[in-house]
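Undergrad: Take a look at this one; I'll ask things after.
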Amino acid sequence: MARYNKEHKEATRKRIIETAGRRFKQDGIDGSGIATLMADAGLTNGAFYAHFDSKDALVATVVGEELGRQAKEFAELPPGRAGLEAFVDWYLSRDHREHPEAGCPSAALLDEIGRTDTEAKRAYTKGAKAILDEISVRLAPEDPDSARGTALALFTMMVGTMQLARAVSDRRLSNAVLEEGIRSAHAMLANA
């Protein structure tokens, strides 16, 4: 039996998490079996259990990593409202609609996360709070707590808008959903 050093094991674990994140957002959690996830990572099924006790443990890890990455990318946007406007424009873009595997885990997985175990919900809650904190700080740097309601409304509107835009089969209607979402989000920011 081959023994790998700690760095190799960490790199392999990271590869599993990254490929699982893309696959989950593309095909859903329930639509992604361990065999598919491991094939995506270029590994055997047996290698899975060297890194995770269960698929639920992988789901919780992926959800936490994906939202953490998103919060970090958000923090790298221009400061203040300019960054929020850039976030809105990217989030509600046609490109994001067309590439769920590279986008927000909320828009791609929220319905399934609601049916996961407690560990995945905790990971999602932590990540969602980080994003809401980032929005709140940008809305009201001097008193972020005062902007929490607006941050919740903005984020939930954006997630729901993207989910609806992806769900309808009529491309013109989908484009209209995105355009109205952008208009509404910018209006919300202007009035905040």
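The values are calculated or read from the model by the stated rules, or taken from the named source; none is laboratory data. Bear in mind that the values here come from a model prediction, so they are computed numbers and not experimental data. Counting neighbours? That spans all protein chains shown, and the Cβs are built from the backbone with ideal geometry, glycine included.
Undergrad: If a residue must be more than 12 Å from the chain's Cα centre (by Cα) and either surrounded by 15 or more Cβ atoms within 10 Å (Cβ to Cβ) or aliphatic (A, V, I, L, M) (or both), how many such residues does the range 41-77 contain?
TA: 16
Undergrad: Within the range 156-182, which residues are free of Cβ contacts under 8 Å to residues at least 24 places away in the same chain and closer than 19 Å to Ile131 by Cβ?
TA: Once the filter is applied, which keeps residues that are free of Cβ contacts under 8 Å to residues at least 24 places away in the same chain and closer than 19 Å to Ile131 by Cβ, the range 156-182 yields Thr156, Gly160.
Undergrad: Here is a follow-up. Please work out which one of (1) loosely packed, with under 13 Cβ neighbours inside 10 Å; (2) among the hydrophobic types (A, V, I, L, M, F, W, C); (3) modelled with pLDDT under 95 is the condition Ala120 fails and give its number.
TA: The single condition Ala120 does not satisfy is (1).
Undergrad: Quickly run through the range 123-146 and pick out the residues that are exposed (fewer than 14 other Cβ atoms within 10 Å of the Cβ), in a helix (DSSP H, G or I) and charged (D, E, K, R).
TA: Result: Lys129, Asp145.
Undergrad: Among the residues of the range 79-106, what is the count of those that are outside any helix (DSSP H, G or I) and either within 24 Å of Met38 (Cα to Cα) or without any contact (Cβ under 8 Å) to a residue 24 or more places away in the chain (or both)?
TA: Number of matching residues: 3.
Undergrad: Six or more apart or on different chains, Cβ under 9 Å: which pairs go from a residue in the range 51-78 that's within 14 Å of Glu119 (Cβ to Cβ) to one that's surrounded by 15 or more Cβ atoms within 10 Å (Cβ to Cβ) and among the basic types (Lys, Arg)? Could you list them?
TA: Short answer, once both residue conditions are applied: Phe52/Arg13; Ala60/Lys121; Thr61/Arg13; Val63/Lys121.
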